[in-house]
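First up is the structure itself, then whatever we jot down about it.
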Amino acid sequence: MEERLHKILAHAGVGSRRKCEELMAAGRVSVDGRAVRELGTKIDADSHEISVDGEPIHTERPVYWLVNKPRGYLCTNHDPARRPLAIDLVPQVSQRVYTVGRLDEASEGLLLMTNDGDLAYRLMHPRFGVDKTYLVQVAGHPSSEDLQRLLKGVWLSEGHVKARQAQRMKNQGESTWLRIVLNEGKNREIRRMLAKLSHKVLRLKRIAIGGVQLGNLKAGKARRLRMTELASLRRAARVEERGSRMEDRGSKIEE
């Protein structure tokens, strides 16, 4: 079955769809020994040899993991300082997986890890508007006006950003727990938005991406996504048609 070349590359774990397009445009991708720069190129991966920088790629069975990242872990595949890595929480994965929706070292909660670059790209790109839900403990007691400002938006260095939902959950001493939903993905966005309102973030935990919930998965543990959860993510990211192709190839997701 023919598919667009950049999608095949992304699915093989070469990188995000955008990264794969950049590799093609730079002439670093070849099919049967010939460089391919046309982004709309379609090929049958089973009938041709695809290489990046002269190295053949190997298509892998797609894998999808849900991880509950504790505070103190990094969302990178390598750290020279040898700090704990979230990737090490996923047991016995032979595929090269990478993190969907990074959390900074001080944050915790739901991460997705996969080698499906196309789905990862769509889940995180603001154009597709996939919700990410967080519980946030802040110093002080934000007013109703503060919450409205989050909804209307504040200015950061990258431009105007806003929450899709923001509500007060409960007070805890001199702090407050908020539930905030974003469908953007800028670096440390929630912390910076709340700093603009003079409320320091004390704790930040992501509890959902789209319809996939962290649930009662313990900190530091990982599990495979269920088929129903994967279908929910594909719907949210508008990749139903790719899901059917993967299933035809025999991808296995544990219930």
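Give L110, L89, L85, L119 a once-over and let me know the one that is touching a helix residue (DSSP H, G or I) at 6+ places or on another chain (Cβ under 8 Å) and among the aliphatic types (A, V, I, L, M).
Among L110, L89, L85, L119, only L119 is touching a helix residue (DSSP H, G or I) at 6+ places or on another chain (Cβ under 8 Å) and among the aliphatic types (A, V, I, L, M).
Can we say E21 is open to solvent by 10 Å² or more (accessible area, probe 1.4 Å) and either in contact with a Gly (Cβ under 9 Å, 6 or more places away or on another chain) or closer than 14 Å to D118 by Cβ (or both)?
Numbers: open to solvent by 10 Å² or more (accessible area, probe 1.4 Å): yes; either in contact with a Gly (Cβ under 9 Å, 6 or more places away or on another chain) or closer than 14 Å to D118 by Cβ (or both): yes.
So E21 passes the test.
Here's the yes/no breakdown for (1) among the basic types (K, R); (2) at pLDDT 90 or above:
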{"site": "R4", "(1), (2)": "yes, no"}
{"site": "V31", "(1), (2)": "no, yes"}
{"site": "R34", "(1), (2)": "yes, yes"}
{"site": "R37", "(1), (2)": "yes, yes"}
{"site": "K42", "(1), (2)": "yes, yes"}
{"site": "H58", "(1), (2)": "no, no"}
{"site": "T76", "(1), (2)": "no, no"}
{"site": "P80", "(1), (2)": "no, yes"}
{"site": "L85", "(1), (2)": "no, yes"}
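State yes or no: is G117 under 24 Å from the mean Cα position of the chain (by Cα) and at pLDDT below 90?
Working: under 24 Å from the mean Cα position of the chain (by Cα): yes; at pLDDT below 90: yes.
Yes: the conditions hold for G117.
Might you check whether a residue that is of a type in the set (S, T, Y) and under 30 Å from R168 (Cβ atoms) occurs anywhere in the stretch 111-132? Please lay out each step first, then the result.
Of the stretch 111-132, the ones of a type in the set (S, T, Y) are 114, 121.
Pick out the ones that are also under 30 Å from R168 (Cβ atoms) and you get none.
The answer is no, given that none of the residues of the stretch 111-132 is of a type in the set (S, T, Y) and under 30 Å from R168 (Cβ atoms).
Considering H78, H58, which residue is without any contact (Cβ under 8 Å) to a residue 24 or more places away in the chain and open to solvent by 30 Å² or more (accessible area, probe 1.4 Å)? I'd like the intermediate steps shown before the answer.
Details: H58 fails: without any contact (Cβ under 8 Å) to a residue 24 or more places away in the chain.
None of the others qualify; the one that does is H78.
Which of the residues spanning the stretch 61-75 are surrounded by fewer than 17 Cβ atoms within 10 Å (Cβ to Cβ) and in contact with a strand residue (DSSP E or B) (Cβ under 6 Å, 6 or more places away or on another chain)?
Restricting attention to the stretch 61-75, the residues satisfying the condition of being surrounded by fewer than 17 Cβ atoms within 10 Å (Cβ to Cβ) are 61, 70-72.
The answer is P70, R71.
The values are calculated or read from the model by the stated rules, or taken from the named source; none is laboratory data. Keep in mind that what you see is a predicted model, and the values were worked out from it rather than measured. Positions of Cβ are backbone-derived with ideal geometry, glycine not excepted, and every protein chain shown enters the neighbour counts. Note: accessible area is taken over every heavy atom of the protein model, side chains too, but ligands, DNA and RNA are not part of it. Shrake-Rupley method; radii C 1.70, N 1.55, O 1.52, S 1.80 Å.
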